[in-house]
């Protein structure tokens, strides 16, 4: 009976690890992908407006602040 319990706990651990890795990678890729789709800018008005984010023009690139 103990063997089945250990296998179940091992599978739960594997699922939790996969879940956290996928969340971590999703957040990392979404934050890094932000700058690849934004064109160059000269003023703050050239940058696109996103709800809930502060985007400004810095050194010719649109940068998400804060």
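The values are calculated or read from the model by the stated rules, or taken from the named source; none is laboratory data. Bear in mind the structure is a predicted one, so any value in this text is a computation, not a measurement. So basically every Cβ, Gly included, is an ideal-geometry build from the backbone, and we count neighbours across all protein chains shown.
Things to note:
- Single unsatisfied condition, residue 34 versus (1) surrounded by fewer than 10 Cβ atoms within 10 Å (Cβ to Cβ); (2) modelled with pLDDT under 85: (1)
- Boolean, residue 24 is modelled with pLDDT of 90 or more and under 14 Å from the mean Cα position of the chain (by Cα): no
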